[in-house]
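The values are calculated or read from the model by the stated rules, or taken from the named source; none is laboratory data. Computed from a predicted structure; not experimentally measured. When we count neighbours, we look across all protein chains shown, and the Cβ atoms used for this are built from the backbone with ideal geometry, even at glycine. Please note that ligands, DNA and RNA were not included when accessible areas were found on the heavy atoms of the full protein model with its side chains. Shrake-Rupley method; radii C 1.70, N 1.55, O 1.52, S 1.80 Å.
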Amino acid sequence: MPTIPSTLALHGTPSSPGGRHLRAGQSFKPGDAIAYFTEPCIAIPDAPTQAEVCNSCLLPSSSAPRLCTGCKTIAYCSIPCQKADWARVHKEECKVFRRVQAAAQGQPLPTPVRALVQMLLLADKMESSTGLRLESHVEDFRQHAAGGPVPEERLEGPSWRDLELQAMGAVHYLGREASLHNIANALEAACKLQVNSFSRLDPDAGQTGLYMHPGLAMVNHSCTPSAFVQFIGRKAVLRAYRSMQEDEEVTISYIACESHRSHRQKTLKERYHFQCNCPRCKDDLDVYEVGQAYPHLDLNRLTLTPDPNLYRNPSTSGSLRSDVALQRVVDETFLECSQPLTGMDFAERAKLLGHRWEKCAPLRKAKLYAIEPLPRTLSEASIYFTELGRFSHSLAISCFLALNCDPFQYPVPFHPFRVKGMMAVGRLISNTGQGYATGTASQGSTAGQTLEARLKQVFEATDSITVAQAALMMGVWWGPKAHSEEWQPYQEAIEVLKDVETLPGRADEKKMLSLWSKGGQDLEAQLFFEHAILKPVQELASLALDIMDTEFGGQQSLVRRS
Ligand SMILES: C[S@@+](CC[C@H](N)C(=O)[O-])C[C@H]1O[C@@H](n2cnc3c(N)ncnc32)[C@H](O)[C@@H]1O
């Protein structure tokens, strides 16, 4: 398998501005797989899961994992996987793990150090066989540290001191002499990893490990990228966000695109050592402005937001770019609100959600619902309610996110987070709808009771099976492009849809859904979509902000006191 797939072409040299980059070797349509990268130099799970996940194929396995009998530290799903990894790297790595065990009392090697060990074992071979010498920016990393002082907690990524410790650890565990030459070599490899590796981001599990492929590492960055990367087992898929002509540069985003310019630029400077001059950075465009200019808005036909005018004229009542005070608030609160709340107890989460919700007040007032940290705060609240078993609250917030946040943050309907959001609406309404409509409103504060009564009213007027079916159909339609046909939520949605198909007395709904899903101009099908699907989702979404106020509105004073 060549390092650069034949559908791509390598251009530039390490010394040209921006270094080397990849261009499309042919034209692509939005959602097309541009290239598959199947033989990474490094693909490892995160240290805490290395004894549970297969360290070779990295796929979830139904059978019990088998530990390597040598180091007893890492797991495989099968003998072929174990043999493949042994030949690739584990024969040497196993010795390292045994040394670690002797020294670290069963603690696994941290993921970056394990990656560095593999890099030192494989990098020379990899660079000579591919002819691609990876960019390290080692002098930039060193100078950045010397030019400090940047307090470590304000750095995006590891400090120079962290990199030195990783390098010394790797040299030690490899059993190599701690000479200046060996440490410098390891430091350079650690920097190469910083610049060229990816977090294996999974739409369901979040960050699940580290991935480095020398060919994929040749793709440059843009904050309005033309493509994105999906990780499926050991494979990385480079997929087109938009149409591309032959010879057009392919770009991806190295960082979370939804963050603000100051944060994006800081991360790109500190980890990748360049100043981003993409159109979004140059004009400081917010997500709404990026969405307005998006070339394929009509792709949204089969989504909960099918009207391209919604994107072109979003119903915000303010603009981030023209409001310097608001920008400052957003910059200050972005990091403060970025910490996930899962794992904390419910009282603590409620307190922090109250604090974050208060911080989001100016965005809410300007109706800039898709600007972080507002969507993230709503997502955290939705998870909080799901875990508390309060599904109707979680559903209302998921509907709000699916209508007012996700489409603007991710204007392509096959973005994995967007598809996940649609599937969440389908799953939650199928769990909540019918039981709720027949149940009784619960107790609580007066505001809480009013909300419960309003929710009940919506559910009574809604055919929740039809809404669930439509949301899951949309998820299934976009699922393979968002991830793959093996994606678990996609497979689960197919199963639920099969069950729904067998429900009696739904011939009319089935006919209308089938007509609507074909996307033609059939007026009856359009009206059916608007009335039976969109209207209840909009009504549920309209309760989300009141739910947030009722549940978290008074919490900020508690945070200040504590
Ligand atoms: C993963 S590498 C990409 C390949 C790289 N151009 C090379 O020749 O090795 C990341 C590095 O590429 C450069 N780079 C990536 N995107 C860039 C951009 N938009 N503008 C300037 N430099 C960029 C930076 O030096 C960055 O650290």
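Considering only residues that are open to solvent by 20 Å² or more (accessible area, probe 1.4 Å) and either closer than 26 Å to Pro14 by Cβ or β-branched (Val, Ile, Thr) (or both), which ones fall in the stretch 196-219?
Phe198, Ser199, Thr208, Leu210
What number of residues within the stretch 170-200 satisfy the criterion of being under 29 Å from Tyr254 (Cβ atoms), in a helix (DSSP H, G or I) and modelled with pLDDT of 95 or more?
Number of matching residues: 16.
So, in the stretch 307-323, exactly how many residues are free of Cβ contacts under 8 Å to residues at least 12 places away in the same chain, over 13 Å from Tyr294 (Cα atoms) and exposed (fewer than 11 other Cβ atoms within 10 Å of the Cβ)?
Going through the stretch 307-323 one residue at a time, the tally reaches 1.
Results for (1) open to solvent by less than 60 Å² (accessible area, probe 1.4 Å); (2) of a type outside the set (Phe, Trp, Tyr); (3) within 16 Å of the ligand (Cβ to nearest atom); (4) at pLDDT 95 or above, shown as yes or no for each residue.
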position: Leu58; (1), (2), (3), (4): yes, yes, no, no
position: Tyr76; (1), (2), (3), (4): yes, no, no, yes
position: Ala87; (1), (2), (3), (4): no, yes, no, yes
position: Phe97; (1), (2), (3), (4): yes, no, no, no
position: Val100; (1), (2), (3), (4): yes, yes, no, no
position: Ala104; (1), (2), (3), (4): yes, yes, no, no
position: Ala123; (1), (2), (3), (4): yes, yes, yes, no
position: Thr130; (1), (2), (3), (4): yes, yes, yes, no
position: Ala145; (1), (2), (3), (4): yes, yes, no, no
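What are the residues in the stretch 38-81 that are charged (D, E, K, R) and either in a helix (DSSP H, G or I) or within 22 Å of Pro214 (Cα to Cα) (or both), if any?
Once the filter is applied, which keeps residues that are charged (D, E, K, R) and either in a helix (DSSP H, G or I) or within 22 Å of Pro214 (Cα to Cα) (or both), the stretch 38-81 yields Glu39, Asp46.
Got a sec? Which helices (runs of 4 or more DSSP H) wholly within the stretch 203-321 have at least 1 residues that are within 11 Å of the ligand (Cβ to nearest atom) and over 19 Å from the mean Cα position of the chain (by Cα)?
On the way: elements: 261-267, 279-282, 287-292, 308-312.
Filter on the stretch 203-321 gives 279-282.
At pLDDT below 90, closer than 21 Å to Asp204 by Cβ, open to solvent by 30 Å² or more (accessible area, probe 1.4 Å) and assigned to a helix (DSSP H, G or I) - does that describe any residue in the stretch 430-448?
Yes: the stretch 430-448 contains one or more residues that are at pLDDT below 90, closer than 21 Å to Asp204 by Cβ, open to solvent by 30 Å² or more (accessible area, probe 1.4 Å) and assigned to a helix (DSSP H, G or I).
Working only within the stretch 1-14, note down all residues that are within 16 Å of the ligand (Cβ to nearest atom) and either in contact with a Lys or Arg (Cβ under 8 Å, 6 or more places away or on another chain) or farther than 17 Å from Ala217 by Cβ (or both).
Leu8, Ala9, Leu10, His11, Gly12, Thr13, Pro14 - these are the residues of the stretch 1-14 that are within 16 Å of the ligand (Cβ to nearest atom) and either in contact with a Lys or Arg (Cβ under 8 Å, 6 or more places away or on another chain) or farther than 17 Å from Ala217 by Cβ (or both).
Filter the stretch 175-196 down to the residues that are within 16 Å of the ligand (Cβ to nearest atom) and among the aliphatic types (A, V, I, L, M) and list them by number. Walk me through how you get there before you give the answer.
First, pick out the residues of the stretch 175-196 that are within 16 Å of the ligand (Cβ to nearest atom): 188-196.
Hits for the stretch 175-196 are Ala189, Ala190, Leu193, Val195.
In the stretch 499-508, what residues are of a type in the set (D, E, K, R), over 12 Å from Met473 (Cβ atoms) and outside any loop (DSSP other than H, G, I, E, B)?
Asp499, Asp508
Return the total of residues in the stretch 334-379 being within 25 Å of Asp286 (Cβ to Cβ), open to solvent by 20 Å² or more (accessible area, probe 1.4 Å) and charged (D, E, K, R).
Going through the stretch 334-379 one residue at a time, the tally reaches 7.
Read through the list (1) under 17 Å from Arg133 (Cα atoms); (2) surrounded by fewer than 16 Cβ atoms within 10 Å (Cβ to Cβ); (3) touching a residue at least 12 places away in the same chain (Cβ under 8 Å), then give the number of the only condition that Pro17 fails.
(3)
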